[in-house]
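One structure is given below, encoded as structure tokens.
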Amino acid sequence: MRPPLSRQQLLEKKSSPMEGQRAYTQAEIDAQLPSLPSWAHEDNSLRRSFAFRDYYDTIAFVNALAWMIHGEDHHPDLEVGYNRCVVRWSTHAVSGLSENDFICAAKTDAVFAHRPL
């Protein structure tokens, strides 16, 4: 079993290729989730909904997120509405969740926390 990483450890890591790796087990997911309390394990992905004042703020977040995503070379599914964005992380190469998903979920929280209010 992989030991869980702290939020800070996740933020310090970078996504890496997952070919040949295995998905996290349910026990590993359960152990890692407490470091990301706003995220849920749902439909074989990490899911979080973010709320905003208006469409401009939503799109500003999506653009900032796109910049982070480009650097990580790991891509979520996004649902974008007027004042919300739902982010879902999963790793197709392992058909489940990988360390990359937890790294990018932590970095998604950091993008949200650093947005202008």
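Coordinate-derived values only; no laboratory data. Since we're looking at a predicted model, the values are computed, not measured. Methodologically, a virtual Cβ is constructed for each residue, glycine included, from the backbone with ideal geometry; neighbour enumeration extends over all protein chains shown.
Structural remarks
- Listed residue (Q26, I59, Q8) projecting farthest to the positive dipole end of the chain, Cβ model: Q8
- Exposure proxy ranking for E19, E99, based on other Cβ atoms within 10 angstrom of each Cβ and starting from the fewest, stands as E19, E99.
- Most mobile listed residue (R88, R22, R47) in the chain, GNM with C-alpha springs under 10 Å: R22
- For segment 24-82, Kirkwood radius (reciprocal of mean inverse C-alpha pair distance, Å): 13.3 Å
- Each of A64 and Y82 was given a label point 7 Å from its Cα along the Cα-to-Cβ line. The distance between the two points is 2.3 nm.
- Gain upon complete extension [D73, A93; 0.36 nm per residue less C-alpha separation]: 5.9 nm
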